[in-house]
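A quick write-up on the structure given underneath.
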Amino acid sequence: MTAALSPGSWPALVLNADYRPLSYYPLSVWAWQDAIKAVFLDRVNIVEYYERQVSSANFQMRLPSVVSLKTFIRPARQPAFTRFNVFLRDRFSCQYCESRDDLTFDHVIPRSRGGQTTWENVVAACSPCNLRKGGMMPAEARMLPRQPPFQPTVHDLHQNGRHFPPNYLHDSWMDYLYWDTELDP
């Protein structure tokens with residue numbers, strides 16, 4: 001589950017059994033209620049805590065800020081072809097004018113001309129550019145995508161996701177994020 005992150009919502013960062021986040025973008029987080037439920041169902045280990053605690057008539061518990069799954073989940077080999085992943089591949093910018101506003105997607109070879117809805121034919125485009133290109137081929141419209149569309153790897157999407165950090169990162173999460181980034185010399 002991915003929720004709007006804010007300090008008052010007490011989300012828990014979810015790590016795989018190898019202590020890497022299940023996903024970077026969107027960042028794998030659970031609401032504190034889901035994290036506590038997973039603790040009681042013995043599906044996770046608590047790695048870090050918040051100072052905040054919850055209590056009932058006969059129970060008190062500090063809220064988990066980082067949990068790790070007890071069972072390893074094999075990461076997807078190929079990312080799903082979704083609108084969000086197309087935007088992430090294209091770094092949330094129009095591939096024709098680089099605008100970040102009013103994004104939709106465009107078929108480079110229009111469907112009316114036999115183009116398919118695939119990684120290799122769809123790019124992020126702002127509405128004005130999409131309307132301007134219409135059903136024309138790129139050469140006809142004099143609109144070539146800045147980067148040819150391609151099927152990204154999970155690694156490609158993770159790399160791009162690092163350029164768009166969530167609006168909230170708790171200090172206790174920092175030791176578990178971005179382990180596989182290159183270190184500065």
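The values are calculated or read from the model by the stated rules, or taken from the named source; none is laboratory data. This structure is a prediction, so every number in the text was calculated from the model and none was measured. Here Cβ is always computed from backbone atoms with ideal geometry, including for glycine, and neighbour counts include all displayed protein chains. The protein model used for the area step is the full one, side chains on, heavy atoms only, and it has no ligands, DNA or RNA in it. Shrake-Rupley method; radii C 1.70, N 1.55, O 1.52, S 1.80 Å.
Cβ-Cβ contacts under 7 Å between residues 6 or more apart (or on different chains), taken from a first residue in region 155-183 that is open to solvent by 30 Å² or more (accessible area, probe 1.4 Å) to a second residue that is modelled with pLDDT of 75 or more, are listed as D156/R89; H163/R91; F164/F92; P166/L27; H170/S65; W179/R20. Check whether at least one residue in region 93-114 is in contact with a strand residue (DSSP E or B) (Cβ under 7 Å, 6 or more places away or on another chain), under 30 Å from Y176 (Cα atoms) and either of a type outside the set (D, E, K, R) or open to solvent by 70 Å² or more (accessible area, probe 1.4 Å) (or both), and report yes or no. There is at least one residue in region 93-114 that is in contact with a strand residue (DSSP E or B) (Cβ under 7 Å, 6 or more places away or on another chain), under 30 Å from Y176 (Cα atoms) and either of a type outside the set (D, E, K, R) or open to solvent by 70 Å² or more (accessible area, probe 1.4 Å) (or both).
For P149, the conditions (1) at pLDDT 90 or above; (2) open to solvent by 40 Å² or more (accessible area, probe 1.4 Å); (3) under 23 Å from the mean Cα position of the chain (by Cα); (4) not hydroxyl-bearing (S, T, Y) all hold with the exception of (2). What number goes with the only condition from (1) more than 23 Å from the chain's Cα centre (by Cα); (2) assigned to a loop (DSSP other than H, G, I, E, B); (3) acidic (D, E) that E51 does not pass? Every condition holds for E51 apart from (2). For the residues F72, F40, the requirement of being open to solvent by 40 Å² or more (accessible area, probe 1.4 Å), touching a residue at least 12 places away in the same chain (Cβ under 8 Å) and among the aromatic types (F, W, Y) singles out F72. Among residues of region 27-43 being out of contact with any Pro (no Cβ under 7 Å at 6 or more places or on another chain) and outside any helix (DSSP H, G or I), the one that is farthest from Q60 (Cα to Cα) is R43. Against the condition in contact (Cβ under 8 Å) with a residue 12 or more places away in the chain and assigned to a strand (DSSP E or B), how does V86 come out, does it pass? The answer is no for V86.
The one condition from (1) of a type in the set (S, T, Y); (2) under 30 Å from R83 (Cα atoms); (3) surrounded by fewer than 19 Cβ atoms within 10 Å (Cβ to Cβ) that S56 does not meet is (2).
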